[in-house]
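The values are calculated or read from the model by the stated rules, or taken from the named source; none is laboratory data. All values reported here derive from a predicted model rather than from experimental measurement. For neighbour counting, all protein chains shown are included, and Cβ atoms are generated from backbone atoms with ideal geometry for every residue, glycine included.
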Amino acid sequence: MKQVRTENLIRYSMKGPGHGRVSFTIYKDVKTPDGKRVTETIKDDRLDAINRALKSGLQDINACRVQVKEIVKDFYKEDRKRRGIVVHNSENYKVLDEYWQQVYSFRGLINEATARCELKRAIECLGALSIYSASRDEIQQQIDRKFLGNTQRRMVGRLTQILKFIGRDRIKLRKQPEEFKKVTYLNEEDFKKVLVFINNKAERALVKLCYYSGLRIGEAYSLESHSLIASNRLKVTSQVDRQGRRRHTKNRKSRIAYLCPQGLQAFHDWVSLPENEKASIDRDEASRKIMKKYSSMAFPNQPEKQITFHALRHCYAINLLNKGVSMSLVAQSLGNTLSVCQQYYVGFELTNESIEAIDAIVRRAKI
């Protein structure tokens, strides 16, 4: 059912000198729910003062334009207050800009827009509160009201960073308990059923390599022949982003990743491919659709087995855990922290297969 608008839509606009106009004018455009529009000229003492300064030559046109835009912003703020919409504290945005310029601008981020958006979300959750003067309880209440679970934990982390930046490091915000995430994965038997449908040599090598190494797709694209430093070890130093640029790994650290024996031939097949064959697989398209496509073909009536490309990392991790490998070692190979792995893989450590592996080790040791 289509939602019916019940409130007026209000828009403010400004016009400056030119085309016969000698001063600045602000207009209020109101559109009613029935579609009628009414436009009126705003009368404001601040605007009159700006126009007088312009005519007398006390201020140039550019300085006046900036001031008029601030008046328009104030009108929007007053309108939002009238309708009960939270107006964000402009002081907080200044802190965000300073923090970004002095701290984040030196980090060489892979995706600056995403990082900036995260910080902005954290700042905006404060609403009209000032980050300089709001109490711990006020800040905590705002965060808990707007965010839940792992998102709340991320926002607490961002705000804690900014609070430390302005010298309020005594404020200790509380994170909500970690959420354990449900993961989709394929065991080796099911994975082999998917491989039957992959006829393209390049796609087959890429998918098989990531299944048996746990690499992110961008890390696989950055591999070269010398990346294999032993038959079961890959040196991961970089990744290729969606624009085809070589960048640091996600955590900006090099690592050694364990390559399962079944993936060794896939590695050689992948790195030996001519660049034009690799380029025939769209990096962005592959990460979004390739595994969905082939797993849907293999399991058309089993949506829980229709996995994403990133889920190949889950397959790798869970297969190792099922063989008795500790979660801390799996985390090191994936390039994740132990706490991140615990969010995904708690409950997979002691399956029947892993218990049998432990039993075999104990029996060999004659304990």
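Screening Lys278, Lys250, Lys323 for residues that are over 22 Å from the mean Cα position of the chain (by Cα), assigned by TED's automatic domain parsing to the domain that holds Ala202, modelled with pLDDT under 90 and under 13 Å from Ile217 (Cα atoms) leaves exactly one candidate, Lys278. Listed here are the helices (runs of 4 or more DSSP H) enclosed by the range 243-340 that have at least 1 residues being over 21 Å from Val183 (Cβ atoms): 264-271, 275-279, 291-298. So is Asp45 at pLDDT 90 or above and either small (Gly, Ala, Ser) or more than 30 Å from Gln243 (Cβ to Cβ) (or both) or not? Yes, satisfied.
Could you identify the single residue in Arg233, Arg216 that is of a type outside the set (A, V, I, L, M, F, W, C), at pLDDT below 95, within 19 Å of Val330 (Cβ to Cβ) and surrounded by fewer than 18 Cβ atoms within 10 Å (Cβ to Cβ)?
Working: Arg216 fails: surrounded by fewer than 18 Cβ atoms within 10 Å (Cβ to Cβ).
Answer to the selection: Arg233.
Hey, can you tell me all the residues within the range 16-31 that are hydroxyl-bearing (Ser, Thr, Tyr), free of Cβ contacts under 8 Å to residues at least 24 places away in the same chain and under 21 Å from Ala63 (Cβ atoms)? Show your work before the answer.
To start, the set of residues in the range 16-31 that are hydroxyl-bearing (Ser, Thr, Tyr) comprises 23, 25, 27.
Okay, now just the ones that are also free of Cβ contacts under 8 Å to residues at least 24 places away in the same chain, so 25, 27.
Passing the criteria: only Thr25.
I'm checking my understanding of the structure. Among residues of the range 10-55 that are in a strand (DSSP E or B) and aromatic (Phe, Trp, Tyr), which one is nearest to Lys69 (Cα to Cα)? The extreme case among them is Tyr12.
Taken over the range 195-220, the residue count meeting the criterion of being within 24 Å of Ser296 (Cβ to Cβ) and either part of a helix (DSSP H, G or I) or not assigned by TED's automatic domain parsing to the domain that holds Lys305 (or both) is 17. When Gly167 is tested against (1) over 28 Å from the mean Cα position of the chain (by Cα); (2) at positive phi, exactly one condition is not met: (1).
Working only within the range 12-45, note down all residues that are of a type in the set (Lys, Arg), over 19 Å from Arg80 (Cβ atoms) and surrounded by 12 or more Cβ atoms within 10 Å (Cβ to Cβ). Working first, answer last.
Going through the range 12-45, the residues of a type in the set (Lys, Arg) turn out to be 15, 21, 28, 31, 36-37, 43.
Then drop every residue that is not over 19 Å from Arg80 (Cβ atoms), which leaves 15, 21, 36-37, 43.
Lys15 - this is the single residue of the range 12-45 that is of a type in the set (Lys, Arg), over 19 Å from Arg80 (Cβ atoms) and surrounded by 12 or more Cβ atoms within 10 Å (Cβ to Cβ).
Just wondering, is there one or more residues in the range 131-150 that are within 27 Å of Leu312 (Cα to Cα), at pLDDT below 90 and assigned to a helix (DSSP H, G or I)? Yes; the residues of the range 131-150 include at least one that is within 27 Å of Leu312 (Cα to Cα), at pLDDT below 90 and assigned to a helix (DSSP H, G or I).
Within the range 295-328, being out of contact with any Leu (no Cβ under 8 Å at 6 or more places or on another chain), under 16 Å from Cys210 (Cα atoms) and of a type in the set (Ser, Thr, Tyr) holds for one residue alone: Thr308. Out of all the residues in the range 180-194, is one or more free of Cβ contacts under 8 Å to residues at least 60 places away in the same chain, more than 30 Å from Ile139 (Cα to Cα), outside the structural domain of Asn276 (by TED's automatic domain parsing) and not in a helix (DSSP H, G or I)? Yes, the range 180-194 contains a residue that is free of Cβ contacts under 8 Å to residues at least 60 places away in the same chain, more than 30 Å from Ile139 (Cα to Cα), outside the structural domain of Asn276 (by TED's automatic domain parsing) and not in a helix (DSSP H, G or I).
How about the range 222-250: which of its residues are among the aliphatic types (A, V, I, L, M) and touching a helix residue (DSSP H, G or I) at 6+ places or on another chain (Cβ under 8 Å)? Can you show your working first?
If we filter the range 222-250 for residues that are among the aliphatic types (A, V, I, L, M), which is where we start, we get 223, 228-230, 234, 236, 240.
Across the range 222-250, the qualifying residues are Leu223, Leu228, Leu234, Val236, Val240.
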